[in-house]
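Please read the structure below before turning to the comments.
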Amino acid sequence: MSPALTPFRAEIPQEALDDLRQRLSRTRWPEAETVDDWSQGVPLAYLRDLAGHWQDAYDWRATEARLNAVPQFRTDIDGLGIHFLHARSPHPEAMPLLISHGWPGSVVEFLDLVGPLTDPEDPADAFHVVAPSLPGYAFSDKPAATGWTVERTAAAWAELMARLGYDRYAAHGVDWGSFLTGVLGETDGPHLAGIHLAMPFAGPPQEQVALDERDLAGLAALKRFQAEEGGYSVIQATRPQTLGYALTDSPVGQLAWMVEKYWAWSDHDGDLEKVVPRDRLLDAVTLSWLAATGASSARIYWESHNRMALGRVDVPTACSVFPKDARMPRAWIERRFTDLRRFTDHERGGHFPALEQPELLVAELRSFFRTLR
């Protein structure tokens with residue numbers, strides 16, 4: 001292994017955890033919402049209950065142990081320290097698989113995937129798993145200057161895989177990770193066996209194409225999303241620094257800002273914790289709080305939101321589309337991803353498949369990449 005790769009362990013000082021609990025105990029709460037749903041944001045009663053659990057019952061040390069059970073490293077790429085998980089399979093012929101998260105996620109959402117992906121019953125399904133933390137997220141460095149766009153981050157990911165000695169690899173992404181993986185398909189095609197995207201995006205083709213009912217419903221949902229749910233992205237794309245002061249100073253502010261999205265984007269019947277247990281929600285929020293990434297994690301929106309070319313991708317591609325996630329018309333996707341081999345409209349699931357439907361996601365990855373080994 002290259003000496004440029006430095007082993008890493010998460011070791012949060014106890015003082016930081018004590019400070020978190022003290023801040024939670026001193027929360028200055030607003031009045032309750034004037035509606036009986038989530039249309040004004042996270043309801044006060046729900047957030048007070050969740051914050052109480054965070055203060056009195058949640059165990060970061062257990063999550064830290066889960067994280068440290070997976071080999072972790074840091075390496076400097078393009079002047080920035082990048083943190084990543086690197087879980088090698090016991091099966092030497094395993095396929096390298098790069099998996100990329102988005103916002104409000106982090107590498108902790110992938111922890112339950114590592115075992116099934118690296119050590120399956122059938123060695124033919126095995127992967128060496130590489131999961132980097134995006135610039136400004138978790139234990140990666142926070143960029144001190146502008147320019148860390150999705151395209152630059154994708155170039156760093158390609159360099160990381162080369163540095164690990166993987167000349168041919170597969171890639172999967174969600175949210176910003178889906179955009180990253182698409183860019184890798186544009187720019188690092190000779191090294192990619194194929195890519196798998198949850199939430200694929202493409203622009204409308206120049207020629208007129210037929211759209212079915214699901215396509216039209218997906219476009220209508222995207223329009224509603226922009227009108228009713230898109231405020232967070234406008235703020236993060238325009239004023240991430242201003243937002244960062246609030247999120248870095250108030251743990252309940254960080255909690256509300258993130259949990260609202262898990263509630264809105266997950267596939268549930270009104271009870272989010274049936275599909276994403278509260279401790280898994282708090283894993284993501286706690287890591288963001290402890291790493292103080294309220295501003296730095298939002299800056300990818302400032303750098304890249306609505307600014308990507310969404311260019312042509314010729315590598316073998318599979319897409320998993322979930323009912324509570326964004327859905328672009330298949331005909332649009334086919335024009336961008338010219339070797340689209342699999343397009344699955346799932347009956348259940350949302351924006352966080354590794355948390356909501358981990359078994360389904362693992363099965364999808366195995367099934368698609370099995371054909372490309």
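List the number of the failed condition for residue 295; all other conditions in (1) assigned to a helix (DSSP H, G or I); (2) more than 22 Å from residue 38 (Cβ to Cβ); (3) in contact with a helix residue (DSSP H, G or I) (Cβ under 8 Å, 6 or more places away or on another chain) hold.
(1)
Between a residue in region 1-23 that is farther than 24 Å from residue 73 by Cβ and any residue that is modelled with pLDDT of 95 or more and of a type in the set (Val, Ile, Thr), which pairs come within a Cβ distance under 8 Å, given they are 6 or more apart or on different chains?
20/286
Would it be correct to say that residue 174 is touching a Pro at 6+ places or on another chain (Cβ under 8 Å) and aliphatic (A, V, I, L, M)? Even if it seems obvious, please write down each step before you answer.
Working: touching a Pro at 6+ places or on another chain (Cβ under 8 Å): yes; aliphatic (A, V, I, L, M): yes.
So residue 174 fits the description; yes.
Select from region 65-118 the residues that are within 14 Å of residue 132 (Cβ to Cβ), of a type in the set (Ser, Thr, Tyr) and not in a loop (DSSP other than H, G, I, E, B) and list them in ascending order.
Within region 65-118, 75, 100 meet the criteria.
With the requirement that a residue be free of Cβ contacts under 8 Å to residues at least 60 places away in the same chain and part of a helix (DSSP H, G or I), what does region 272-286 give you?
Those that are free of Cβ contacts under 8 Å to residues at least 60 places away in the same chain and part of a helix (DSSP H, G or I): 272, 273, 274.
Between residues in region 230-252 that are under 15 Å from residue 302 (Cβ atoms) and residues that are among the β-branched types (Val, Ile, Thr), which pairs lie under 6 Å by C-beta distance while being six or more apart or on different chains?
Final answer for the pair search is 243/235.
Looking only at region 152-200, how many residues end up being hydroxyl-bearing (Ser, Thr, Tyr), assigned to a helix (DSSP H, G or I), touching a helix residue (DSSP H, G or I) at 6+ places or on another chain (Cβ under 9 Å) and buried (at least 21 other Cβ atoms within 10 Å of the Cβ)?
Adding up the residues that qualify gives 2.
Considering 103, 29, which residue is over 19 Å from residue 354 (Cα atoms), among the aromatic types (Phe, Trp, Tyr) and out of contact with any His (no Cβ under 7 Å at 6 or more places or on another chain)?
29
Within region 51-66, can you find the residues that are crowded, with 20+ Cβ neighbours inside 10 Å, in contact with a Leu (Cβ under 7 Å, 6 or more places away or on another chain) and not aromatic (Phe, Trp, Tyr)?
The answer is 51, and nothing else.
The values are calculated or read from the model by the stated rules, or taken from the named source; none is laboratory data. This is a predicted model, so every value here is computed, not measured. We place every Cβ from the backbone using ideal geometry, glycine too, and count neighbours over all the protein chains shown.
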